[in-house]
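The structure appears right after this line, and notes come after that.
The values are calculated or read from the model by the stated rules, or taken from the named source; none is laboratory data. Owing to the predicted nature of the structure, the values given are computational and were not obtained by experimental measurement. Quick reminder, even Gly has a Cβ in these numbers, built from the backbone with ideal geometry, and neighbours come from all protein chains shown.
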Amino acid sequence: MVADKRYDSAAKRAAPPKAKAAPRRKRRKPPKPPRRGVRGFLGRVLRWCLRLIWKVTWRIGATIAAILALIVGYYYLTLPDVDALLDGRARGSVTLLDHQGQVFAWRGDQFGGVVTARTVSPHLKNAIVATEDRRFYSHFGVSPRGIASAMYINLSEGRGAFSGHGGSTITQQVAKLLCLGVPYDPAKQSERDYETDCRRGTLQRKAQEALYALAIEAKYTKDEILTIYMNRAFLGAGARGFEAASQRYFGKSAANVDPAEAAMLAGLLVAPTRFAPTNDLGRSQRRAATIVRLMKDQGYLSEAEARLAASNPAELSAAAEAKAGGYFADWVMSSGPDFFTRKTTEDVVIKTTLDQRIQQAAEDGLSFVFENKVRDGSKAQAAIVVMSADGAVRAMVGGRKTKVSGAFNRATQALRQTGSAFKPFVYATALDLGYAPNDTVEDAPLTIDIPGSGPWSPQNYTKSYYGTVTLTQALRDSLNIPAVKVSEAVGRDLVRQVAEGFGISKNLAAGPALALGASESTLIEMTGAYAGILNGGSSVTPYGLLDLRLLGDDTPLMGTGGGIGERVIQEHAAQQLIYMMEKVVTEGTGQRAQFDGRELAGKTGTTQAARDAWFIGFSADYVAGVWMGYDDNTPLTGVTGSGLPAEIWRETMQRVHQGVPLRPLPALPPEGIGARRDGTAPQAERPRGLFEGLIDGLLRDLLGN
């Protein structure tokens, strides 16, 4: 039994293994029979619709994707090299220099030069990215997250989803700046219309900009895109690009700006005009402080750097504070040809006669008088012109608001009656004919019958009469009747001819009231006419432009357009008139103009009902004119030329002459008064009558003496 067991076990071990049974195949469940009835029918219809929608959708999606790819490809092929996109201005620029060659104003579209993402200050690059597109270096041109965030903000603020914040990336803004590659054509539309079209915010336009942005991303590197943006962005005050803006506001290159300045520049991107520091420095500084915080939060500034930038906000350069040169720059721009000034397509540099020290003196003098001697709330206006004896304008103030651009310029545009400020030209005519300052005229009631108007009886300002007076006394005290008598004696036509010769040519009055300043003129014309008296009797054309040239050229395209012209009266007559006008300041109506013991000459002027008040005068070095009045011709209250205008003149000229040595006026006293030219002792001279002087003068002319 043991053996049986043993052999039985061995047999079992030796027996071949049995083949495994094949696995049973699972029976497929028979398909469920389709449901019958309404539910079954609806289910089949729904499944068919879904399959149809899917087939249509993926085909349409593929078609749309192909079309979009073609559009992006087309844009890609039309994009030029980066260098061709950096200066996209439609207009040129004008840079104005003062007489020392220092920049004091800019006009047009200023382009300071090309900057790149590598050459600008790292602070500026970081400020732009932190402000405009923090994910700039990670997105593909369009930021879905940014768009969704902008839509959420717009909806939460009660606006439409696409109204307000746009969520545009820097690349999309570049697409807008490039106007989708459409160039400006002045023959088809104005620059304003072109800019408006480029900035359209419709949904269709935004979609086009998104596609153009994709092409830009495919064509250029991130730094190249940022370079285009930094050179084409408009940043207020006519500045195109960050180099121009940095020079415009801070007087330095964009490569050298500090964090505070960089933040202020970046803050201009959202609203260039509103946040321009030349419009409101405080508002611009507050905007910059917000950007400094963004830079710190995004890791571009340390805590200490951010604190330093916040406590030391950016300040404007002195030239930037001048608000584009004010009235003087406006006048110079209007005096040159349009194609080199207001409508230039070139970059032009104009050197001018402006003296910034004198300009500041004029502005300070005007402000001092209005702040200290004019009642609060007064709407009265004033204007000042300061020039050299050859007509070179050194300063110009066209109104009480001095930091302006494009405003109404009362110094050059306001035609106002001149009043007694015209009288020197009456006496200039007489002196040139041979009268002398000591010749006499009778100050007594006068009536002149004017054809077509009837009798006219002028009166003195004081309504009194002073009998026999010299011409010097008549001018010194601004007597009206003697001025009319002298004008009538020498001939109105001659007076008009002399006045026109000196540059007063705006419809001079035809009647006897000509002598009393019934005609209208501008302040710059009158000041130029007085400059002709100071220079010895030659006409003067006031000018502000010294030379004009294209940027980078050494040869001027045009030079000075004014200066000394033809002689109007003889030199000795001009010198005698200066003597008489000096008496106006030392003894007569202009005594408030005196300062520092300097020799000064001038003349007051007040028109009928005190609608205009003038003081115009000169030292040996400068001529200055002041006008005061209301823009609507409302009469001034208690103001004459001998009052506030003389004080404005004094405050201005006193500042102008700081550091200027005392020099005597080129005055020629009449014989018997003062020292003779040959040094001999003076002798008394009998005052001559008016007609006696006229006869003597005619005899001298005939005899050649």
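Quick one: how many residues across the stretch 214-233 are in a helix (DSSP H, G or I), within 36 Å of the chain's Cα centre (by Cα) and either over 18 Å from Ser143 (Cα atoms) or of a type in the set (Lys, Arg) (or both)? First the steps, then the outcome.
Step one: list which residues in the stretch 214-233 are in a helix (DSSP H, G or I), which gives 214-219, 222-232.
In the following step, the residues that additionally are within 36 Å of the chain's Cα centre (by Cα) were identified as 216, 222-232.
Narrowing the set further to residues that are either over 18 Å from Ser143 (Cα atoms) or of a type in the set (Lys, Arg) (or both) leaves 222, 224, 227-228, 230-232.
Residues that pass the stated criteria total 7.
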Failed item in (1) touching a residue at least 40 places away in the same chain (Cβ under 8 Å); (2) among the small types (Gly, Ala, Ser); (3) assigned by TED's automatic domain parsing to the domain that holds Phe502, with Gly377 passing the rest:
(1)
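In this structure, does Thr652 turn out to be surrounded by 22 or more Cβ atoms within 10 Å (Cβ to Cβ) and more than 23 Å from Ala361 (Cα to Cα)? Quick ask: steps written out before the conclusion?
On the way: surrounded by 22 or more Cβ atoms within 10 Å (Cβ to Cβ): yes; more than 23 Å from Ala361 (Cα to Cα): no.
Here the answer is no, as Thr652 does not meet what is asked.
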Assuming Pro687 fulfils every condition listed in (1) modelled with pLDDT of 50 or more; (2) surrounded by 12 or more Cβ atoms within 10 Å (Cβ to Cβ) apart from one, which condition is it?
(1)
Here the residues within the stretch 517-535 that are of a type in the set (A, V, I, L, M, F, W, C) and surrounded by 24 or more Cβ atoms within 10 Å (Cβ to Cβ) are Leu523, Ile524, Met526, Ala529, Ala531, Ile533, Leu534
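Being part of a loop (DSSP other than H, G, I, E, B) and farther than 29 Å from Ile564 by Cα is true for just one of Ser478, Ser505, Ser464. Which residue is that?
Working: Ser478 fails: farther than 29 Å from Ile564 by Cα; Ser505 fails: farther than 29 Å from Ile564 by Cα.
Result of the check over Ser478, Ser505, Ser464: Ser464.
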I'd like the residue in the stretch 434-466 that is among the charged types (D, E, K, R) and crowded, with 17+ Cβ neighbours inside 10 Å and, out of all such residues, is farthest from Ile481 (Cα to Cα).
Asp439
If you take the residues in the stretch 80-132 that are surrounded by fewer than 22 Cβ atoms within 10 Å (Cβ to Cβ) and acidic (Asp, Glu), which one is nearest to Thr341 (Cα to Cα)?
Asp87
Restricting the stretch 270-296 to residues that are among the β-branched types (Val, Ile, Thr) and either under 21 Å from the mean Cα position of the chain (by Cα) or outside any loop (DSSP other than H, G, I, E, B) (or both), the residue that is surrounded by the most Cβ atoms within 10 Å (Cβ to Cβ)
Val292
Any residue in the stretch 273-295 that is over 14 Å from Ile128 (Cα atoms) sitting within a Cβ distance under 7 Å of a residue that is assigned to a helix (DSSP H, G or I) and among the aromatic types (Phe, Trp, Tyr)? List the pairs, counting only those 6 or more apart or interchain.
Pro277/Tyr249; Arg283/Phe275; Ser284/Phe275
Condition set surrounded by 15 or more Cβ atoms within 10 Å (Cβ to Cβ) and among the small types (Gly, Ala, Ser), scope the stretch 328-366, selection farthest from Gly629 (Cα to Cα): answer is Gly336
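Which of the residues that make up the stretch 533-576 are part of a helix (DSSP H, G or I) and of a type outside the set (D, E, K, R)? Walk me through how you get there before you give the answer.
Residues of the stretch 533-576 that are part of a helix (DSSP H, G or I), as a first pass: 533-534, 571-576.
Of everything in the stretch 533-576, those that are part of a helix (DSSP H, G or I) and of a type outside the set (D, E, K, R) turn out to be Ile533, Leu534, His572, Ala573, Ala574, Gln575, Gln576.
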In the stretch 297-314, how many residues are farther than 25 Å from Asp109 by Cβ, in contact (Cβ under 8 Å) with a residue 24 or more places away in the chain and not in a helix (DSSP H, G or I)?
5
Out of (1) more than 30 Å from Ala244 (Cβ to Cβ); (2) surrounded by 10 or more Cβ atoms within 10 Å (Cβ to Cβ); (3) at pLDDT below 80, the odd one out for Val72 is which?
(3)
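Give me a count of the residues in the stretch 297-319 that are among the acidic types (Asp, Glu) and under 30 Å from Asp355 (Cα atoms).
The first filter runs over the stretch 297-319 and keeps only residues among the acidic types (Asp, Glu), leaving 297, 303, 305, 315.
If we keep only those that are under 30 Å from Asp355 (Cα atoms) too, we end up with 315.
Residues meeting the conditions: 1.
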Pick from Gly597, Gly559: which is modelled with pLDDT under 95 and more than 30 Å from Thr352 (Cα to Cα)?
Gly597
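Going by the structure shown, is Gly562 more than 30 Å from Phe111 (Cβ to Cβ), in contact with a Phe, Trp or Tyr (Cβ under 6 Å, 6 or more places away or on another chain) and surrounded by 14 or more Cβ atoms within 10 Å (Cβ to Cβ)? Give the steps one after another, and end with the answer.
Working: more than 30 Å from Phe111 (Cβ to Cβ): yes; in contact with a Phe, Trp or Tyr (Cβ under 6 Å, 6 or more places away or on another chain): yes; surrounded by 14 or more Cβ atoms within 10 Å (Cβ to Cβ): yes.
When the stated conditions are applied, Gly562 passes them.
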(1) in the same structural domain as Tyr622 (by TED's automatic domain parsing); (2) at pLDDT 90 or above: which one isn't true of Thr353, the others all being true?
(1)
Being at positive phi and crowded, with 16+ Cβ neighbours inside 10 Å narrows it down to one residue among Gly299, Gly325, Gly267; which is it?
Gly325
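Just for the stretch 587-633: of the residues that are part of a loop (DSSP other than H, G, I, E, B) and of a type in the set (Gly, Ala, Ser), which one is surrounded by the fewest Cβ atoms within 10 Å (Cβ to Cβ)? I'd like the intermediate steps shown before the answer.
So in the stretch 587-633, the residues part of a loop (DSSP other than H, G, I, E, B) come out as 587-590, 594-600, 607, 611, 619-622, 630-633.
From what is left, the residues that are of a type in the set (Gly, Ala, Ser) are 588, 590, 597, 619-620.
Values: Gly588: 21, Gly590: 29, Gly597: 7, Ser619: 23, Ala620: 19.
Top of the filtered list is Gly597.
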Filter result (surrounded by fewer than 16 Cβ atoms within 10 Å (Cβ to Cβ), of a type in the set (Gly, Ala, Ser) and at pLDDT 75 or above) within the stretch 152-186
Gly181
Only one of Arg400, Arg410 that is touching a residue at least 40 places away in the same chain (Cβ under 8 Å) and either in a loop (DSSP other than H, G, I, E, B) or out of contact with any Lys or Arg (no Cβ under 9 Å at 6 or more places or on another chain) (or both):
Arg410
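Among the listed residues Val386, Val349, Val369, which satisfies the condition of being within 13 Å of Met653 (Cβ to Cβ) and outside any helix (DSSP H, G or I)?
Working: Val349 fails: within 13 Å of Met653 (Cβ to Cβ); Val369 fails: outside any helix (DSSP H, G or I).
Step by step, each of Val386, Val349, Val369 is checked, and only Val386 is within 13 Å of Met653 (Cβ to Cβ) and outside any helix (DSSP H, G or I).
Looking for something in contact with an Asp or Glu (Cβ under 6 Å, 6 or more places away or on another chain) and either among the β-branched types (Val, Ile, Thr) or closer than 22 Å to Cys179 by Cα (or both) - is there at least one such residue anywhere in the stretch 246-258? Don't jump to the end; show me each part of the working.
Step one: filter the stretch 246-258 for residues in contact with an Asp or Glu (Cβ under 6 Å, 6 or more places away or on another chain), giving 250, 254.
Then keep just the ones that are either among the β-branched types (Val, Ile, Thr) or closer than 22 Å to Cys179 by Cα (or both); that gives none.
The answer is no; no qualifying residue exists.
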Can you tell which of Val404, Val385 is surrounded by fewer than 21 Cβ atoms within 10 Å (Cβ to Cβ) and either outside the structural domain of Ala518 (by TED's automatic domain parsing) or not acidic (Asp, Glu) (or both)?
Val404
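Among the residues of the stretch 494-505, is any in contact with a Lys or Arg (Cβ under 8 Å, 6 or more places away or on another chain) and surrounded by 17 or more Cβ atoms within 10 Å (Cβ to Cβ)? Write out each step before concluding.
Let us first name the residues in the stretch 494-505 that are in contact with a Lys or Arg (Cβ under 8 Å, 6 or more places away or on another chain), namely none.
No, there is no match, as no residue in the stretch 494-505 is in contact with a Lys or Arg (Cβ under 8 Å, 6 or more places away or on another chain) and surrounded by 17 or more Cβ atoms within 10 Å (Cβ to Cβ).
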The conditions are (1) touching a Ser or Thr at 6+ places or on another chain (Cβ under 7 Å); (2) not in a loop (DSSP other than H, G, I, E, B), and Phe425 fails exactly one of them. Which is it?
(1)
Of the residues in the stretch 234-265, those that are among the charged types (D, E, K, R) and in a strand (DSSP E or B) come to Arg240
Is it true that some residue in the stretch 274-295 is over 20 Å from Ser246 (Cα atoms) and modelled with pLDDT of 90 or more?
yes
